[in-house]
Amino acid sequence: MGDNILVRKIPADLRNWIELERQQYQMTQQEFVLSVLKDASTVYQPTLTTNSTKQVVGVTNYLPFTFIDLFAGIGGFRLALTKLGGTCIFSSEWDKYSQKTYKAWFNELPFGDIRQIDPESIPNHDILAAGFPCQPFSIAGVSKKNSLGKAHGFDDIQQGNLFFVLANIIRVKRPPVLFLENVKNLKSHDHGRTWKVIKEKLEELDYWVNAKVIDASGWVPQHRERIYIVCFDKRTFSDRPDFVYPVPESGSNPIFADILENAPDNKYTLTDHLWNYLQKYAEKHKAKGNGFGYGLVDINKISRTLSARYYKDGSEILIPQPNKNPRRLTPLECSRLMGFEDREIVVSDTQAYRQFGNAVVPKVVEAIGKEIVRVIDNHYKSSKRCLLKTS
Ligand SMILES: C[S@@+](CC[C@H](N)C(=O)[O-])C[C@H]1O[C@@H](n2cnc3c(N)ncnc32)[C@H](O)[C@@H]1O
């Protein structure tokens, strides 16, 4: 092959793209095409600009990206990232009831046990999203396991090691961005050791690590604090990106009354037996100086955190009713309280409560995701390259 290659019949959209890009970077056509070919020959290319059905980053404001949804639950990450222009190309969730909901909502059956996945078989992606299991790290999980005399966190083979399974996928796939979520007390769990191990592992994998606890109450009428960990691959972003966590829009004060159903079924009203029990239990604990007990919501304010245990007695969020015992939330109200809106519920009430109580709030993910997309877009525009790179 000589020094010159002639390429015939370049489609109009590609010609336009080359022209726009080379003008933006003040390159000649030859310089620009050569730089693209050089990148293509030397580095692995993620998918930011390769999906030909979508617009090219930098030419419009629309940023196509791909992501994977691990520990997917019912797809809180997926809902939000899809809204931002992302395409989900792989998911994993082993609970069969969550899989059922996921299939109904996204027409995709997630892969089961993450420990059985060969990381090499996961397609290359731009963002790895994962709300890794919180049970071994949550106060409830810790105290329950302590009281049972069981180990927890990294000593818990069943659950704790899942972070290392995740870390192995990150090591093999090296996605440019990691978007992780966990319970608020992740940082204080096991006297800070759990967080130290997680952070050090992510840094050892060569990522810039950001972490912040955010209360979802700026987006949904619920006090729900979760830690959001956002990491950028140092091999792609050589300088620490100017990523900032979002704050809720001023003036947006969602209140609990917004999520209520008009005529909920009577079965959600507490029986006399349960209501009496909850009141007695609360009195007993109050006498001992403990604050634990049921929570009656002021519907003009926000509720406590919906937990995965809500199906048991619903005591943390009870709705007062005139001349009746209070009632618990309906599954549809839980969906709204989490910001999933009016989605079809395809599982039993018990499973639905568990699924919503475990989920991430899509509106918070969307707000953080917007900021991630901004960082990726800036990186793309300033790097004089067409593609994000990883080696
Ligand atoms: C905190 S929840 C994540 C919820 C999710 N972010 C959502 O919005 O619904 C953690 C999920 O990890 C799943 N999980 C736990 N161990 C798993 C494993 N070994 N393989 C796949 N999924 C697993 C659980 O079934 C649970 O749904």
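The values are calculated or read from the model by the stated rules, or taken from the named source; none is laboratory data. On a predicted model such as this, the values are computed, not experimentally measured, just so you know. Positions of Cβ are backbone-derived with ideal geometry, glycine not excepted, and every protein chain shown enters the neighbour counts.
What is the one condition in (1) in contact with a strand residue (DSSP E or B) (Cβ under 6 Å, 6 or more places away or on another chain); (2) closer than 17 Å to residue 358 by Cβ that residue 326 does not satisfy?
Answer for residue 326: the failing condition is (2).
Residues of region 122-136 being touching a strand residue (DSSP E or B) at 6+ places or on another chain (Cβ under 8 Å) and within 12 Å of the ligand (Cβ to nearest atom), which ones?
Answer for region 122-136, where residues must be touching a strand residue (DSSP E or B) at 6+ places or on another chain (Cβ under 8 Å) and within 12 Å of the ligand (Cβ to nearest atom): 129, 130, 131, 132, 134.
In the set 253, 262, 210, which member is over 23 Å from residue 358 (Cβ atoms), part of a strand (DSSP E or B) and out of contact with any Leu (no Cβ under 9 Å at 6 or more places or on another chain)?
Answer to the selection: 210.
What number goes with the only condition from (1) among the hydrophobic types (A, V, I, L, M, F, W, C); (2) crowded, with 18+ Cβ neighbours inside 10 Å; (3) modelled with pLDDT under 90 that residue 111 does not pass?
(3)
Name, by its number, the condition in (1) under 22 Å from the mean Cα position of the chain (by Cα); (2) within 28 Å of residue 314 (Cα to Cα) that does not hold for residue 237.
(2)
Name the residue that is farthest from the chain's Cα centre (by Cα), counting only residues in region 75-121 that are among the aliphatic types (A, V, I, L, M) and within 13 Å of the ligand (Cβ to nearest atom).
Among residues in region 75-121 that are among the aliphatic types (A, V, I, L, M) and within 13 Å of the ligand (Cβ to nearest atom), the one farthest from the chain's Cα centre (by Cα) is 117.
Kindly provide the set of residues from region 159-199 that are farther than 13 Å from residue 227 by Cα, outside any helix (DSSP H, G or I), within 16 Å of the ligand (Cβ to nearest atom) and among the aliphatic types (A, V, I, L, M), ordered by number.
Hit for region 159-199 is 178, nothing else.
With region 272-391 as the region, which helices (runs of 4 or more DSSP H) entirely inside it contain at least 2 residues that are over 22 Å from the mean Cα position of the chain (by Cα) and at pLDDT below 95?
272-287, 310-313, 362-382
Testing residue 311 on (1) farther than 18 Å from residue 218 by Cα; (2) touching a strand residue (DSSP E or B) at 6+ places or on another chain (Cβ under 7 Å), one condition comes back false. Which one is that?
Condition (2) is where residue 311 drops out.
Scanning region 216-249 for residues that are out of contact with any Pro (no Cβ under 7 Å at 6 or more places or on another chain) and over 26 Å from residue 359 (Cβ atoms), which turns out surrounded by the most Cβ atoms within 10 Å (Cβ to Cβ)?
237
How many of the residues in region 2-29 are outside any helix (DSSP H, G or I) and within 17 Å of residue 382 (Cα to Cα)?
3
What residue, of 47, 82, 66, 53, is touching a strand residue (DSSP E or B) at 6+ places or on another chain (Cβ under 7 Å), in a loop (DSSP other than H, G, I, E, B), surrounded by fewer than 22 Cβ atoms within 10 Å (Cβ to Cβ) and at pLDDT below 95?
The unique qualifying residue is 47.
Restricting attention to region 325-338, which residues are within 16 Å of the ligand (Cβ to nearest atom) and in contact with an Asp or Glu (Cβ under 9 Å, 6 or more places away or on another chain)?
331, 335, 336 - these are the residues of region 325-338 that are within 16 Å of the ligand (Cβ to nearest atom) and in contact with an Asp or Glu (Cβ under 9 Å, 6 or more places away or on another chain).
Would you mind telling me which numbered condition in (1) more than 23 Å from residue 74 (Cβ to Cβ); (2) surrounded by fewer than 16 Cβ atoms within 10 Å (Cβ to Cβ) residue 326 fails?
Exception for residue 326: condition (2).
Please verify whether region 125-132 includes one or more residues that are part of a loop (DSSP other than H, G, I, E, B) and surrounded by fewer than 17 Cβ atoms within 10 Å (Cβ to Cβ).
No, because not a single residue in region 125-132 is part of a loop (DSSP other than H, G, I, E, B) and surrounded by fewer than 17 Cβ atoms within 10 Å (Cβ to Cβ).
What number of residues within region 202-225 satisfy the criterion of being within 26 Å of residue 254 (Cβ to Cβ) and without any contact (Cβ under 8 Å) to a residue 24 or more places away in the chain?
Counting residues in region 202-225 that are within 26 Å of residue 254 (Cβ to Cβ) and without any contact (Cβ under 8 Å) to a residue 24 or more places away in the chain gives 1.
I need the full set of residues from region 69-79 which are touching a residue at least 60 places away in the same chain (Cβ under 8 Å), closer than 21 Å to residue 334 by Cβ and touching a strand residue (DSSP E or B) at 6+ places or on another chain (Cβ under 9 Å), in order please.
The answer is 69, 71, 76, 77.
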